[in-house]
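Visitor: Starting off with a structure, shown below.
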Amino acid sequence: MAKQPGKGGILYIVATPIGNLGDISPRAIGILSQVDVIAAEDTRVSRKLADRYRIDTPMIAYHDHNERRRAPELLDRLVHGEEIALISDAGTPLINDAGYHLVRLAQEHGIRVTAAPGPCAVINALSIAGLPTDRFVFEGFLPSKAAPRRRRLEALKDESRTIIAYESVHRILATLRDMVSIFDAHREAVIAREMTKKFETVKRDTLANLLAWLENEPRQQKGEFVLLVHGRPDTAPETAELQRVLTLLRAAVPLKQAVDLAAHITGASRNEVYRLALRQSRG
Ligand code: SAM
(Lines give C-alpha, C1' and ligand atoms only; values in the text may rest on other atoms or scores of the structure.)
Protein backbone atom coordinates (compact mmCIF):
# COMPACT_ATOMS: atom_id res chain seq x y z
CA MET A 1 0.00 0.00 0.00
CA ALA A 2 1.31 3.45 -0.97
CA LYS A 3 2.22 5.58 2.04
CA GLN A 4 0.19 8.70 2.61
CA PRO A 5 1.73 12.16 2.72
CA GLY A 6 1.19 14.01 5.98
CA LYS A 7 1.44 10.98 8.26
CA GLY A 8 5.20 11.38 8.64
CA GLY A 9 7.50 8.41 8.71
CA ILE A 10 10.26 7.52 11.13
CA LEU A 11 14.01 7.64 10.66
CA TYR A 12 15.75 4.92 12.67
CA ILE A 13 19.50 5.20 13.36
CA VAL A 14 20.48 1.57 13.81
CA ALA A 15 23.80 0.39 15.25
CA THR A 16 25.33 -2.75 13.72
CA PRO A 17 28.27 -4.95 14.81
CA ILE A 18 31.87 -3.67 14.76
CA GLY A 19 33.25 -7.14 14.04
CA ASN A 20 31.32 -9.96 15.61
CA LEU A 21 28.07 -10.38 13.64
CA GLY A 22 26.34 -11.62 16.78
CA ASP A 23 26.50 -8.13 18.30
CA ILE A 24 23.15 -6.80 17.13
CA SER A 25 20.05 -6.38 19.24
CA PRO A 26 16.77 -8.22 18.53
CA ARG A 27 15.09 -4.82 18.33
CA ALA A 28 17.57 -3.64 15.67
CA ILE A 29 16.88 -6.81 13.64
CA GLY A 30 13.13 -6.19 13.98
CA ILE A 31 13.46 -2.60 12.75
CA LEU A 32 15.70 -3.56 9.82
CA SER A 33 13.17 -6.25 8.82
CA GLN A 34 10.15 -3.97 8.98
CA VAL A 35 11.22 -0.61 7.56
CA ASP A 36 10.48 0.29 3.94
CA VAL A 37 14.11 0.79 3.03
CA ILE A 38 17.55 0.52 4.62
CA ALA A 39 19.98 3.32 3.77
CA ALA A 40 23.38 1.61 4.05
CA GLU A 41 26.93 2.98 3.75
CA ASP A 42 27.94 0.06 1.50
CA THR A 43 25.10 -2.24 0.47
CA ARG A 44 27.49 -5.14 -0.25
CA VAL A 45 28.91 -5.01 3.28
CA SER A 46 25.46 -4.75 4.89
CA ARG A 47 24.04 -7.53 2.72
CA LYS A 48 26.18 -10.01 4.69
CA LEU A 49 24.54 -8.91 7.93
CA ALA A 50 21.09 -8.93 6.33
CA ASP A 51 21.60 -12.45 4.95
CA ARG A 52 22.70 -13.71 8.35
CA TYR A 53 19.42 -12.47 9.89
CA ARG A 54 17.21 -13.21 6.86
CA ILE A 55 16.39 -9.55 6.34
CA ASP A 56 15.21 -8.88 2.78
CA THR A 57 14.36 -5.19 3.07
CA PRO A 58 15.50 -3.20 0.00
CA MET A 59 18.74 -1.27 0.47
CA ILE A 60 20.06 1.92 -1.06
CA ALA A 61 23.53 3.40 -0.73
CA TYR A 62 23.96 6.35 1.61
CA HIS A 63 27.50 7.47 2.38
CA ASP A 64 29.74 10.51 2.82
CA HIS A 65 30.02 11.04 -0.96
CA ASN A 66 26.30 11.02 -1.87
CA GLU A 67 24.86 12.25 1.45
CA ARG A 68 23.87 15.74 0.27
CA ARG A 69 22.23 14.44 -2.90
CA ARG A 70 20.51 11.48 -1.25
CA ALA A 71 19.21 13.22 1.87
CA PRO A 72 16.41 15.18 0.09
CA GLU A 73 15.26 11.94 -1.67
CA LEU A 74 15.08 10.15 1.66
CA LEU A 75 13.35 13.10 3.27
CA ASP A 76 10.70 12.97 0.55
CA ARG A 77 10.05 9.31 1.35
CA LEU A 78 9.87 10.06 5.08
CA VAL A 79 7.43 12.92 4.50
CA HIS A 80 5.26 10.46 2.56
CA GLY A 81 5.07 8.24 5.62
CA GLU A 82 7.83 5.71 4.90
CA GLU A 83 10.05 4.29 7.64
CA ILE A 84 13.77 4.29 6.92
CA ALA A 85 16.68 2.71 8.81
CA LEU A 86 20.15 4.21 8.46
CA ILE A 87 23.09 1.88 9.02
CA SER A 88 26.84 2.16 8.43
CA ASP A 89 29.37 -0.57 7.63
CA ALA A 90 30.02 -1.02 11.32
CA GLY A 91 28.96 0.45 14.62
CA THR A 92 26.84 3.51 15.20
CA PRO A 93 25.95 5.68 12.19
CA LEU A 94 27.07 9.34 12.38
CA ILE A 95 30.01 8.45 14.64
CA ASN A 96 32.65 9.16 11.98
CA ASP A 97 30.14 7.94 9.42
CA ALA A 98 27.47 9.58 7.26
CA GLY A 99 24.08 10.62 8.59
CA TYR A 100 24.45 14.03 10.23
CA HIS A 101 22.92 15.83 7.27
CA LEU A 102 19.93 13.46 7.07
CA VAL A 103 19.19 13.62 10.81
CA ARG A 104 19.18 17.44 10.73
CA LEU A 105 17.01 17.55 7.63
CA ALA A 106 14.50 15.05 9.01
CA GLN A 107 14.25 16.89 12.33
CA GLU A 108 13.80 20.23 10.58
CA HIS A 109 10.80 18.72 8.76
CA GLY A 110 9.19 17.34 11.90
CA ILE A 111 10.12 13.71 11.20
CA ARG A 112 10.65 11.53 14.26
CA VAL A 113 14.27 10.40 14.55
CA THR A 114 15.04 7.61 16.99
CA ALA A 115 17.85 5.10 17.51
CA ALA A 116 18.32 1.39 18.05
CA PRO A 117 21.58 1.77 20.00
CA GLY A 118 24.38 -0.74 20.00
CA PRO A 119 28.08 -1.20 19.22
CA CYS A 120 30.38 1.78 18.84
CA ALA A 121 34.15 1.37 18.67
CA VAL A 122 34.96 4.39 20.86
CA ILE A 123 32.74 3.18 23.72
CA ASN A 124 33.78 -0.44 23.26
CA ALA A 125 37.45 0.58 23.52
CA LEU A 126 36.89 2.79 26.55
CA SER A 127 35.08 -0.01 28.37
CA ILE A 128 38.03 -2.41 28.07
CA ALA A 129 41.06 -0.07 28.10
CA GLY A 130 41.57 0.23 31.83
CA LEU A 131 41.98 4.01 31.61
CA PRO A 132 39.80 6.55 33.46
CA THR A 133 36.31 6.52 31.95
CA ASP A 134 34.57 9.24 33.95
CA ARG A 135 35.62 12.01 31.56
CA PHE A 136 36.97 11.57 28.05
CA VAL A 137 37.40 13.42 24.75
CA PHE A 138 36.83 11.77 21.40
CA GLU A 139 38.89 13.14 18.51
CA GLY A 140 37.51 10.95 15.73
CA PHE A 141 40.31 10.51 13.17
CA LEU A 142 43.33 12.74 13.75
CA PRO A 143 44.43 14.66 10.63
CA SER A 144 46.11 12.39 8.10
CA LYS A 145 48.86 14.89 7.18
CA ALA A 146 51.79 15.12 9.57
CA ALA A 147 51.84 18.89 10.24
CA PRO A 148 48.13 19.33 11.14
CA ARG A 149 48.22 16.08 13.12
CA ARG A 150 51.12 17.32 15.20
CA ARG A 151 49.37 20.64 15.78
CA ARG A 152 46.26 18.77 16.99
CA LEU A 153 48.37 16.68 19.36
CA GLU A 154 50.12 19.79 20.67
CA ALA A 155 46.69 21.24 21.44
CA LEU A 156 45.80 18.05 23.35
CA LYS A 157 49.05 17.85 25.33
CA ASP A 158 47.58 19.32 28.52
CA GLU A 159 44.18 17.66 28.21
CA SER A 160 43.42 15.98 31.54
CA ARG A 161 40.58 13.77 30.26
CA THR A 162 41.23 10.40 28.59
CA ILE A 163 41.90 11.09 24.89
CA ILE A 164 40.47 8.71 22.30
CA ALA A 165 41.07 8.63 18.54
CA TYR A 166 40.29 6.30 15.67
CA GLU A 167 43.31 5.37 13.60
CA SER A 168 43.87 3.61 10.30
CA VAL A 169 46.38 0.96 9.44
CA HIS A 170 48.27 3.46 7.24
CA ARG A 171 49.00 5.91 10.04
CA ILE A 172 49.05 3.98 13.28
CA LEU A 173 52.88 4.02 13.54
CA ALA A 174 53.25 7.66 12.48
CA THR A 175 50.60 8.76 14.98
CA LEU A 176 52.19 6.80 17.81
CA ARG A 177 55.59 8.32 16.97
CA ASP A 178 54.06 11.80 17.09
CA MET A 179 52.41 11.01 20.42
CA VAL A 180 55.69 9.79 21.90
CA SER A 181 57.45 12.98 20.89
CA ILE A 182 54.65 15.42 21.76
CA PHE A 183 53.14 13.84 24.89
CA ASP A 184 55.30 12.51 27.72
CA ALA A 185 56.77 9.24 26.36
CA HIS A 186 56.00 7.67 29.76
CA ARG A 187 52.31 8.57 29.53
CA GLU A 188 50.07 5.50 29.74
CA ALA A 189 48.13 4.63 26.60
CA VAL A 190 46.16 1.78 25.07
CA ILE A 191 45.97 0.25 21.62
CA ALA A 192 42.59 -1.47 21.08
CA ARG A 193 42.79 -3.42 17.84
CA GLU A 194 40.30 -5.61 15.97
CA MET A 195 37.83 -5.48 18.84
CA THR A 196 35.24 -8.29 19.02
CA LYS A 197 37.09 -10.08 16.18
CA LYS A 198 39.27 -13.19 16.23
CA PHE A 199 42.54 -11.33 16.68
CA GLU A 200 41.39 -8.71 19.17
CA THR A 201 44.34 -7.11 21.00
CA VAL A 202 44.06 -4.65 23.86
CA LYS A 203 47.45 -3.52 25.09
CA ARG A 204 48.11 -0.94 27.79
CA ASP A 205 51.63 0.42 28.38
CA THR A 206 53.59 3.64 28.15
CA LEU A 207 53.50 5.37 24.76
CA ALA A 208 57.20 4.62 24.24
CA ASN A 209 56.75 0.91 25.00
CA LEU A 210 53.65 0.64 22.82
CA LEU A 211 55.56 2.15 19.89
CA ALA A 212 58.52 -0.22 20.40
CA TRP A 213 56.13 -3.18 20.65
CA LEU A 214 54.21 -2.25 17.49
CA GLU A 215 57.39 -1.62 15.50
CA ASN A 216 58.54 -5.14 16.38
CA GLU A 217 55.20 -6.83 15.67
CA PRO A 218 54.24 -6.37 11.99
CA ARG A 219 51.18 -8.61 12.45
CA GLN A 220 49.82 -6.19 15.05
CA GLN A 221 50.06 -3.33 12.57
CA LYS A 222 47.09 -4.63 10.56
CA GLY A 223 43.37 -4.13 11.07
CA GLU A 224 41.31 -1.47 12.79
CA PHE A 225 42.52 0.57 15.74
CA VAL A 226 41.35 2.79 18.52
CA LEU A 227 44.08 4.71 20.37
CA LEU A 228 43.48 5.88 23.92
CA VAL A 229 45.85 8.07 25.93
CA HIS A 230 45.71 8.78 29.64
CA GLY A 231 44.98 12.45 30.28
CA ARG A 232 47.75 14.58 31.75
CA PRO A 233 47.65 13.85 35.47
CA ASP A 234 46.33 16.80 37.48
CA THR A 235 49.10 18.35 39.55
CA ALA A 236 48.12 18.20 43.22
CA PRO A 237 48.21 21.62 44.99
CA GLU A 238 51.01 20.47 47.30
CA THR A 239 53.09 19.41 44.27
CA ALA A 240 52.46 22.77 42.65
CA GLU A 241 53.69 24.52 45.83
CA LEU A 242 56.74 22.27 46.01
CA GLN A 243 57.51 23.01 42.36
CA ARG A 244 57.27 26.74 43.01
CA VAL A 245 59.57 26.63 46.06
CA LEU A 246 62.08 24.38 44.37
CA THR A 247 62.23 26.55 41.25
CA LEU A 248 62.92 29.65 43.36
CA LEU A 249 65.62 27.93 45.40
CA ARG A 250 67.35 26.39 42.41
CA ALA A 251 67.77 29.82 40.91
CA ALA A 252 69.59 30.92 44.07
CA VAL A 253 71.59 27.98 45.52
CA PRO A 254 73.25 24.72 44.33
CA LEU A 255 71.01 21.72 43.63
CA LYS A 256 71.73 19.73 46.82
CA GLN A 257 71.08 22.72 49.04
CA ALA A 258 67.91 23.60 47.09
CA VAL A 259 66.60 20.04 47.58
CA ASP A 260 67.37 20.10 51.34
CA LEU A 261 65.77 23.51 51.83
CA ALA A 262 62.68 22.71 49.72
CA ALA A 263 62.13 19.49 51.70
CA HIS A 264 62.49 21.41 54.94
CA ILE A 265 60.13 24.22 53.89
CA THR A 266 57.35 22.08 52.39
CA GLY A 267 57.64 18.95 54.55
CA ALA A 268 58.06 16.74 51.46
CA SER A 269 60.58 13.89 51.58
CA ARG A 270 64.06 14.56 50.19
CA ASN A 271 63.58 11.72 47.70
CA GLU A 272 60.39 13.24 46.38
CA VAL A 273 62.02 16.65 46.03
CA TYR A 274 65.07 15.16 44.35
CA ARG A 275 62.90 13.28 41.83
CA LEU A 276 61.04 16.49 41.08
CA ALA A 277 64.34 18.35 40.61
CA LEU A 278 65.46 15.69 38.11
CA ARG A 279 62.17 15.98 36.22
CA GLN A 280 62.59 19.76 36.14
CA SER A 281 66.14 19.38 34.79
CA ARG A 282 64.84 17.10 32.02
CA GLY A 283 62.34 19.83 31.17
N1 SAM B 1 30.66 4.28 13.23
C2 SAM B 1 31.75 3.48 13.74
C3 SAM B 1 31.60 3.31 15.26
O4 SAM B 1 30.50 3.43 15.75
O5 SAM B 1 32.59 3.05 15.90
C6 SAM B 1 33.10 4.03 13.36
C7 SAM B 1 33.30 4.20 11.90
S8 SAM B 1 34.89 4.80 11.46
C9 SAM B 1 34.68 5.09 9.75
C10 SAM B 1 35.86 3.33 11.45
C11 SAM B 1 36.95 3.34 12.51
O12 SAM B 1 36.42 2.89 13.76
C13 SAM B 1 38.09 2.39 12.22
O14 SAM B 1 39.05 2.97 11.35
C15 SAM B 1 38.66 2.16 13.59
O16 SAM B 1 39.47 3.24 13.98
C17 SAM B 1 37.38 2.14 14.44
N18 SAM B 1 36.88 0.76 14.56
C19 SAM B 1 35.75 0.26 14.03
N20 SAM B 1 35.62 -1.05 14.34
C21 SAM B 1 36.69 -1.37 15.11
C22 SAM B 1 37.13 -2.57 15.74
N23 SAM B 1 36.44 -3.70 15.64
N24 SAM B 1 38.28 -2.52 16.45
C25 SAM B 1 39.00 -1.39 16.54
N26 SAM B 1 38.63 -0.24 15.94
C27 SAM B 1 37.50 -0.22 15.25
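The values are calculated or read from the model by the stated rules, or taken from the named source; none is laboratory data. Computed from a predicted structure; not experimentally measured. Cβ sites come from the backbone with ideal geometry, for glycine too, and all protein chains shown count toward neighbours. Calculation scope for accessible area: heavy atoms of the full protein, side chains included, ligands and nucleic acids excluded. Shrake-Rupley method; radii C 1.70, N 1.55, O 1.52, S 1.80 Å.
Visitor: So which of Ala125, Ala155 is of a type outside the set (Val, Ile, Thr), in a helix (DSSP H, G or I) and more than 16 Å from the ligand (Cβ to nearest atom)?
Guide: Result: Ala155 is the single residue among Ala125, Ala155 that is of a type outside the set (Val, Ile, Thr), in a helix (DSSP H, G or I) and more than 16 Å from the ligand (Cβ to nearest atom).
Visitor: Being of a type in the set (Asp, Glu) and surrounded by 13 or more Cβ atoms within 10 Å (Cβ to Cβ) is the filter here; which residues of the range 26-62 pass it?
Guide: Asp36, Glu41, Asp42
Visitor: While we're looking at this one, here's another question. I'd like to verify a number: residues in the range 113-130 that are in contact with a helix residue (DSSP H, G or I) (Cβ under 8 Å, 6 or more places away or on another chain) and of a type outside the set (Gly, Ala, Ser), how many?
Guide: Total satisfying the criteria: 1.
Visitor: Then there is this: Restricting to the range 133-149, name every residue that is surrounded by 14 or more Cβ atoms within 10 Å (Cβ to Cβ) and either on the phi > 0 side of the Ramachandran plot or in a loop (DSSP other than H, G, I, E, B) (or both).
Guide: Leu142, Pro143
Visitor: Also: Collect the residues in the range 104-122 that are away from the ligand (no atom under 16 Å from the Cβ) and either part of a strand (DSSP E or B) or in contact with a Phe, Trp or Tyr (Cβ under 6 Å, 6 or more places away or on another chain) (or both), keeping them in residue-number order.
Guide: Those that are away from the ligand (no atom under 16 Å from the Cβ) and either part of a strand (DSSP E or B) or in contact with a Phe, Trp or Tyr (Cβ under 6 Å, 6 or more places away or on another chain) (or both): Arg112, Val113, Thr114.
Visitor: Now for a separate question. Kindly establish whether Thr133 is hydroxyl-bearing (Ser, Thr, Tyr), touching a helix residue (DSSP H, G or I) at 6+ places or on another chain (Cβ under 8 Å), modelled with pLDDT of 95 or more and away from the ligand (no atom under 14 Å from the Cβ).
Guide: yes
Visitor: While we're looking at this one, here's another question. Consider Ala251 carefully, then state whether it is open to solvent by 80 Å² or more (accessible area, probe 1.4 Å) and among the small types (Gly, Ala, Ser).
Guide: The answer is yes for Ala251.
Visitor: Would you please name the residue that is farthest from Lys197 (Cα to Cα), looking only at residues in the range 74-91 that are open to solvent by less than 10 Å² (accessible area, probe 1.4 Å) and within 16 Å of the ligand (Cβ to nearest atom)?
Guide: Once the filter is applied, the top-ranked residue is Ala85.
Visitor: How many residues are more than 25 Å from Val122 (Cβ to Cβ) and either of a type in the set (Lys, Arg) or not assigned by TED's automatic domain parsing to the domain that holds Ser33 (or both) if we restrict to the range 52-103?
Guide: Residues that pass the stated criteria total 5.
Visitor: For the structure I just gave you, tell me whether Arg232 is surrounded by 13 or more Cβ atoms within 10 Å (Cβ to Cβ) and modelled with pLDDT under 95.
Guide: Answer is yes for this residue.
Visitor: Next up: Kindly indicate whether any position in the range 63-73 is open to solvent by 60 Å² or more (accessible area, probe 1.4 Å) and acidic (Asp, Glu).
Guide: yes
Visitor: Can you confirm whether Arg161 is away from the ligand (no atom under 16 Å from the Cβ), in contact with a Gly (Cβ under 8 Å, 6 or more places away or on another chain), open to solvent by 40 Å² or more (accessible area, probe 1.4 Å) and closer than 30 Å to Asn20 by Cβ?
Guide: yes
Visitor: Checking the conditions here, which among Lys198, Lys256 is of a type in the set (Lys, Arg), out of contact with any Asp or Glu (no Cβ under 9 Å at 6 or more places or on another chain) and either at pLDDT 95 or above or in the same structural domain as Thr133 (by TED's automatic domain parsing) (or both)?
Guide: Of Lys198, Lys256, the one residue that is of a type in the set (Lys, Arg), out of contact with any Asp or Glu (no Cβ under 9 Å at 6 or more places or on another chain) and either at pLDDT 95 or above or in the same structural domain as Thr133 (by TED's automatic domain parsing) (or both) is Lys198.
Visitor: In the range 164-175, how many are surrounded by 14 or more Cβ atoms within 10 Å (Cβ to Cβ) and in contact (Cβ under 8 Å) with a residue 40 or more places away in the chain?
Guide: Looking only at that region, the number is 7.
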